[in-house]
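Read through the structure below, which is laid out as structure tokens, and then see the notes.
The values are calculated or read from the model by the stated rules, or taken from the named source; none is laboratory data. Predicted, not measured: the structure shown is a model, and the values here were computed from it. Cβ coordinates were reconstructed from backbone atoms using ideal geometry, including for glycine residues, and neighbour counts include every protein chain displayed.
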Amino acid sequence: MSQLETLSPHCPFDISNSFPFSDSFPGSPRSCSTPSVVHEFLSKSPSTLIAVDSGLGDSRISDDEVIFPSLPPLRNGHPDVQLRNGIMRASRLAAANEPGAENAFFVADLGQVYMQHERWKKCLPEIEPHYAIKCNPDPYILRLLASLGVGFDCASAGEINQVLNIGGIDPSRIIFANPCKATSFIRSAAKSGIDKMTFDNIDELYKIARVHPSAKLIVRILADDSKSICRFGIKFGAPLDAVSGLLSKAKELNLDVIGVSFHVGSGCYDPSVYTDAIRRARAAFDIGKDVGYEFNLLDVGGGFEDALFEKAAGVLTEAIDLYFPDRCNLRMISEPGRFYVSNAFRLAANVIAKRGKMADNLSDTVPDETDQPCVMYYINDGVYGAFNCILFDHQTVHPYVLSLNGSFHVAASERLSNSSVWGPTCDSMDCISKNVALPSALQTGDWLGFDNMGAYTICAASQFNGFELSNVIYTTGDGGGAEVRRALAAFAAKGNGLER
Ligand SMILES: *Cc1c(COP(=O)(O)O)cnc(C)c1O
């Protein structure tokens, strides 16, 4: 029986204890500020909390939390509060012997997405973002960005349908930004009224000429992606010396090429590469002119990282000023994915098992050093689920303690042990963290938290080995909440976004 199941259903966690962030567990990424909403939460007595959050199901849902009846409610309150609510709810469900009571769950803060959009508008006001939906096609994210007037970068017929089915999104707001498309996808894009699409090879031109001759084409050129975590250059992008031949062929086929795109690679850690990419785009514009095209669209792609965004925007703006000084007839767009969603999602996962290290098995491969993990924790989401980002997106994740021994309070004095953290499947590749310091007292039933889980996580999660995908609790925190609700309510009032 897990520790979780032994907790009292009434006040399972010690919320009267001092607030965990004030002296939080070392290594917790959020050990600094105490959000005001949480103060409010804590100033209520435990009995008030239980009245608000009663029964075994969800806490009472207020009217302003239901905007799209087909979607889960959009909660009010800081994501930290929602993480705690989710954990307390899990404890009540466990006490009632509900299956899957302790399932891992996400908390998504839509206010964070709104604030990223504000940042975009402030730093790159001339560039219209087209959200790359492959990064996280969450129904709330798509609705919010649609309501804010953002466009969309789709790579398949499925993604195009997903965006168009929301309603209220004109096909002209979509760019089909996959340079190698199935013919049937090009045909269905034509049927849906989607004209803007990228190409980087001659074969694509023949296909487009055949099934969508009036398409507005964008030549995707190769950019230096050596400063990015996920490189695209080995798969996509025409080198500059191939552009002339491609454009001549397009001209011969009577196709309309309107501009140039590039992608510096996803997770770009050296924004200086944008300068070179813009220089190459300028060269492609000039080649276009020689071939007889008058380009008017520049698509600067994605790759924007949250932490480096202002720097990237500065480099980009400077390069655009340098290479495109006269741009009254130039429309500029982009395809950010990660930037919008990465920091909006947190994951809470339950410790489902704990054991000592496999000393004998590892002795061949791991030298017997004292900093080697001596405790193994198994949690209920892994690399076949949300943590596929470790394999596919080359991410490193940093677990921190959300609850310890039934309390949200983690004393700074907790003794730490080098630990490893594993996913729930039977595959030994399912490792989340090879070596991380966690409190020695951490045990089955406790919860670990992970930040920055919004990009390239849920979208590629599988149900391998019979493990379910983790649910999402949606909320708006202390930034942008009112604006998010206003934008979504106005969107819904026009009849948009109502179908699931
Ligand atoms: C994946 C992808 C993006 C998004 O990249 P981010 O690094 O998440 O911003 C944009 N454009 C294209 C063509 C992509 O394949």
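Residues of the stretch 190-205 that are touching a residue at least 12 places away in the same chain (Cβ under 8 Å) and not in a loop (DSSP other than H, G, I, E, B): Ala190, Lys196, Met197, Thr198, Phe199, Ile202, Glu204, Leu205. Among residues of the stretch 96-117 that are over 16 Å from Gly337 (Cα atoms), those with a beta-carbon under 9 Å from a residue that is assigned to a loop (DSSP other than H, G, I, E, B) and hydrophobic (A, V, I, L, M, F, W, C) at least six positions away or on a different chain give the pairs Ala96/Leu56; Glu98/Leu56; Ala104/Ala386; Phe106/Ala386; Phe106/Met453. The sole residue among Ala95, Ala108 that is within 19 Å of the chain's Cα centre (by Cα) and more than 12 Å from Ile174 (Cα to Cα) is Ala108.
Let's see how each residue does on (1) buried (at least 23 other Cβ atoms within 10 Å of the Cβ); (2) part of a loop (DSSP other than H, G, I, E, B); (3) assigned by TED's automatic domain parsing to the domain that holds Glu305:
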| residue | (1), (2), (3) |
| --- | --- |
| Pro125 | no, yes, no |
| Glu128 | no, no, no |
| Tyr131 | yes, no, no |
| Leu145 | yes, no, yes |
| Ser188 | no, no, yes |
| Pro213 | no, yes, yes |
| Ile218 | yes, no, yes |
| Ser226 | no, yes, yes |
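Yes or no: the stretch 257-276 includes at least one residue that is over 30 Å from Ala307 (Cβ atoms), more than 16 Å from the ligand (Cβ to nearest atom), part of a helix (DSSP H, G or I) and without any contact (Cβ under 8 Å) to a residue 60 or more places away in the chain. No; the residues of the stretch 257-276 include none that is over 30 Å from Ala307 (Cβ atoms), more than 16 Å from the ligand (Cβ to nearest atom), part of a helix (DSSP H, G or I) and without any contact (Cβ under 8 Å) to a residue 60 or more places away in the chain. Considering only the stretch 307-332, how many residues are within 16 Å of the ligand (Cβ to nearest atom), under 19 Å from Arg279 (Cβ atoms) and in contact (Cβ under 8 Å) with a residue 60 or more places away in the chain? Total meeting the criteria: 3. Within the stretch 122-146, residues that are over 14 Å from Gly303 (Cα atoms) and touching a residue at least 24 places away in the same chain (Cβ under 8 Å) have Cβ atoms under 8 Å from residues that are among the polar types (S, T, N, Q) and within 15 Å of the ligand (Cβ to nearest atom) in these pairs: Leu124/Ser334; Ile127/Ser334; Glu128/Ser334; Asn136/Thr457, counting only partners at least 6 apart in sequence or on another chain. Kindly check whether there is at least one residue in the stretch 459-470 that is of a type outside the set (Asp, Glu) and part of a strand (DSSP E or B). For the stretch 459-470, residues of a type outside the set (Asp, Glu) and part of a strand (DSSP E or B): absent. Restricting Phe304, Phe345 to those that are within 16 Å of the ligand (Cβ to nearest atom), under 30 Å from Leu110 (Cα atoms) and free of Cβ contacts under 8 Å to residues at least 40 places away in the same chain reduces the list to Phe304.
Residues that are within 16 Å of the ligand (Cβ to nearest atom) and in contact (Cβ under 8 Å) with a residue 24 or more places away in the chain within the stretch 158-170 comprise Glu159, Ile160, Gln162, Val163, listed in sequence order.
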